[in-house]
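Novice: Here it is, the structure, as structure tokens.
The values are calculated or read from the model by the stated rules, or taken from the named source; none is laboratory data. A quick note: this is a predicted structure, and the numbers were derived from the prediction, not measured. Note: ideal-geometry Cβ built from the backbone for every residue, glycine included; neighbour counts use all protein chains shown. Keep in mind that these areas ignore ligands, DNA and RNA; they rest on the heavy atoms of the full protein, side chains included. Shrake-Rupley method; radii C 1.70, N 1.55, O 1.52, S 1.80 Å.
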Amino acid sequence: VQLQASGGGLVQAGGSLRLSCAVSGGTVSRYNVGWFRQAPGKEREFVSVIRWSGGRTLYSDSVKGRFTISRDNAKNTVYLQMNNLKPEDSATYYCAAGNGILSSSSSTFAYNHWGQGTLVTVSS
């Protein structure tokens, strides 16, 4: 499975961005697709995940109510709509695919396929 993340950029606080993660090379319906982020000097942290089959989602407390994860079956793409962005959301965002149970999908160990990152910078 290959993942290609895109959509990062520079935005002012309070603004919005939509990240995309194109998934190819496997049976997408078997996977959970998650978003993680990593700021300089910090560990990679969970943001959100969607179970492709059924569409169930999970969010970290820090983004709940501001970010929305969704998928487009026809395009094999997962989106992360990020609204009301804050400077602390600045990080490199990574998408990843794994086929474990959804409730364990906040850990990086639940994923065995990773895309390259896309940089999000939120200015104050």
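Novice: In the neighborhood of residue 31, defined by Cβ-to-Cβ distances under 11 Å, what is the net charge if each Lys or Arg adds +1 and each Asp or Glu adds -1? Don't skip to the answer; put the middle values down first.
Specialist: Details: positive: 30, 51, 71; negative: none.
Result for the local shell: +3.
Novice: Can you work out the Karplus-derived ³J(HN,Hα) for every residue in the range 4-16? Use 6.51 cos²θ - 1.76 cosθ + 1.60 with θ = phi - 60°, whole Hz, and x for glycine or proline.
Specialist: Result, rounded to whole Hz: 10, 8, 7, x, x, x, 9, 9, 7, 4, x, x, 9.
Novice: Something else now. Can you give me the % of accessible surface on the chain that is carbon or sulfur? Probe 1.4 Å, all protein chains present, nothing else counted. The partial results should precede the final answer.
Specialist: Details: 2820 of 6210 Å².
Answer for the chain is 45 percent, counting heavy atoms of protein chains only.
Novice: Something else: Could you state the accessible area per residue of the chain in Å², with a 1.4 Å probe and every protein chain left in place? Please list the in-between numbers first.
Specialist: On the way: 6210 Å² over 124 residues.
Result: 50 Å² per residue.
Novice: If you don't mind, another one. Report the net charge of residues surrounding residue 93, where surrounding means a beta-carbon distance below 12 angstrom and charges are Lys +1, Arg +1, Asp -1, Glu -1.
Specialist: Working: positive: 18, 37, 44; negative: 45, 89.
Result for the neighbourhood of residue 93: +1.
Novice: In straight Cα distance, which lysines are under 24 Å from residue 42, not counting same-chain residues fewer than 8 positions off?
Specialist: By straight Cα distance, residue 42 reaches 64, 86.
Novice: I need two numbers for the chain: Rg to one decimal and Dmax as a whole number, Cα atoms only, in Å.
Specialist: 13.3, 41
Novice: While we're on this one: In the neighborhood of residue 83, defined by Cβ-to-Cβ distances under 14 Å, what is the net charge if each Lys or Arg adds +1 and each Asp or Glu adds -1? Spell out each step's value before the answer.
Specialist: On the way: positive: 18, 64, 66, 86; negative: 89.
Its environment carries a net charge of +3.
Novice: Okay, next question. Between residue 38 and residue 81, what length in nm is gained on full extension when 0.36 nm per residue of separation is reduced by their alpha carbon distance? Show your work: numbers first, answer last.
Specialist: Numbers: separation 43, 0.36 × 43 = 15.48 nm, distance 1.75 nm.
Extending this stretch completely gives an extra 13.7 nm.
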